[in-house]
Amino acid sequence: MTSEAAVSTSPAITSSKPAKRDYYFLRSFAAGGVAGCCAKSTIAPLDRIKILLQAQNPHYKHLGVFSTLKAVPQKEGFLGLYKGNGAMMVRIFPYGAIQFMAFDKYKKLLSKQIGISGHIHRLMAGSLAGMTAVICTYPLDVIRARLAFQVTGDHRYTGIANAFHTIYLKEGGVLGFYRGLVPTLIGMAPYAGFSFFTFGTLKSLGLKHFPEQLGRPSSDNPNVHILKTHVNLLCGGVAGAIAQTISYPLDVARRRMQLGSVLPDSEKCVSLSKTLKYVYNEYGVKKGLYRGLSLNYIRCVPSQAVAFTTYEFMKQTLHLN
């Protein structure tokens, strides 16, 4: 491996710095994308159940979380649990890549150029990174929600391409792909913010106060300490649980707005405030605004745990530390 001193004294290598930065960008993008795909693949069946429950699918609206998990394979086969996951993978690679990469960039920007430091810059950087990723990949999230909401024998869309084509023609062109964007951004700000904030804070406190018990030297840089894998998983799970609790009602409103004309009561879910008010009046807090939250705890803990742990692993593998 070339030493840092050797790099600084070689004109040829110095002149290639821009290419090196581009390579770092691609490695960072890949690390975030792989982390996102691993996380979502882990909890894909739970994600579909959440969408079915949140939007009160008529085939399963009378069931709870675990009874729906049992009913879906019986009605639609085992692969029914993964309906819409193809669209999710198409979306989640760029989403995860942009989110993790943007978080690092925003964190450095806030700390070095704006002067915001301490734990608060993690919260702000996480919120900005989450919203950036959402804006870039939102149409794919809408398609994924529409496909996951379908039940075998009652299909409106035959696949990703058909869903894009149908929504574009029948729901106002490009604007049809951005239904529910506002509540998504509003919900993503606290979710991503508190997720990165909690994980980063737990990580820094753990490595500061209990470096030997909770940490180990990084495989690609012995001078950098990282959390042990099981501690990483625990911190990621806690971060996900806290973030989900804070932002869940907005996630419910987002899903209902995304589904649009698929729902029989879509005319009552045309804005964030109207959707929240309608769901609250019609179903209440527990069975409306927080319907499926128990499932979200089950899904968000492994999802965030795998996401942060995979990203930390990819950072070492691709020499990003």
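Compute the separation of the alpha-carbon centres of region 275-291 and region 162-213 and state it in Å as a whole number.
Between the Cα centres of region 275-291 and region 162-213 lies a distance of 22 Å.
Between SER67 and LYS108, how many nm apart are label points set 7 Å from Cα along the C-beta direction?
For the pair SER67/LYS108, the computed spacing is 5.3 nm.
About its Cα centre, how strong a charge dipole does the chain have in debye, to the nearest 20, once Lys and Arg get +1 and Asp and Glu get -1 at the Cβ?
On the way: 37 positive and 15 negative charges, 76 e Å.
Charge dipole of the chain: 360 debye, to the nearest 20.
Hey, can you rank 92-103, 231-242, 168-179 by average C-beta count inside 10 Å, highest first? List each step's numbers first, then the result.
Details: 92-103: 24.2, 231-242: 22.0, 168-179: 14.5.
With the highest mean Cβ count within 10 Å placed first, the list reads 92-103, 231-242, 168-179.
Please compute the contact order of the chain in relative form: average sequence separation of alpha-carbon pairs under 8 Å and at least six residues apart, divided by the residue count, as a percent. Intermediate values should be presented prior to the final figure.
Numbers: 456 pairs, mean separation 73.9, N = 321.
Relative contact order for the chain comes out at 23 percent.
Amide H neighbours of ILE226 under 5 Å, at least 5 residues apart or on other chains, H built in the peptide plane: list them.
Amide H to amide H, under 5 Å and 5 or more residues apart or across chains, ILE226 pairs with ARG216, SER218.
Any idea how far the Cα center of region 89-160 sits from the one of region 216-269, in Å?
If you average the Cα positions of each part, the centres end up 10 Å apart.
For the chain, which whole-number percentage of the solvent-accessible area (1.4 Å probe, protein heavy atoms only) is attributable to carbon and sulfur atoms?
Numbers: 9860 of 15130 Å².
About 65 percent, which is the carbon plus sulfur part of the accessible surface.
Taking θ as phi - 60°, what are the ³J(HN,Hα) couplings along region 157-164 by the Karplus curve (6.51, -1.76, 1.60), each to the nearest whole Hz, with x for Gly and Pro?
The phi angles translate into 10, 8, x, 4, 4, 5, 5, 4 Hz.
How much solvent-accessible surface does PHE66 expose, in Å² to the nearest 10, with a 1.4 Å probe and all protein chains in place?
140 Å²
Just to confirm the number: angle between the C-alpha axis of helix 181-209 and the first principal axis of the chain, 0 to 90 degrees, nearest 10?
That works out to roughly 40 degrees.
In degrees, nearest 10, range 0 to 90: what is the angle between the Cα axis of helix 229-259 and the longest Cα principal axis of the chain?
40 degrees
Compute the angle between helix 272-283 and the longest alpha-carbon principal axis of the chain, please, reported from 0 to 90 degrees and rounded to the nearest 10.
50 degrees
Which order do peptides 33-46, 283-296 fall in by mean Cβ count within 10 Å, highest first? Please list the in-between numbers first.
Working: 33-46: 20.8, 283-296: 17.3.
In descending order of packing, they fall as 33-46, 283-296.
Report, ordered by chain and residue number, the aspartates and glutamates lying within cross-link reach of LYS70, taken as a straight Cα distance under 16 Å and ignoring same-chain residues fewer than 8 apart.
Here the aspartates and glutamates satisfying the reach criterion relative to LYS70 are ASP47.
For GLN56, enumerate residues with amide H under 5 Å from its amide H, sequence gap 5+ or separate chain, H modeled in the peptide plane.
The answer is none.
Below 25 Å, Cα to Cα, which lysines can LYS107 reach? Residues fewer than 8 away in the same chain don't count.
Filter leaves LYS17, LYS20, LYS40, LYS203, LYS208, LYS228, LYS315.
The values are calculated or read from the model by the stated rules, or taken from the named source; none is laboratory data. Being a predicted model, the structure only gives us computed values, none of them experimental. All Cβ positions, even for glycine, are placed from backbone atoms using ideal geometry, and neighbour counts span all protein chains on display. What goes into the accessible areas is simple: the full protein's heavy atoms, side chains included, and nothing from ligands, DNA or RNA. Shrake-Rupley method; radii C 1.70, N 1.55, O 1.52, S 1.80 Å.
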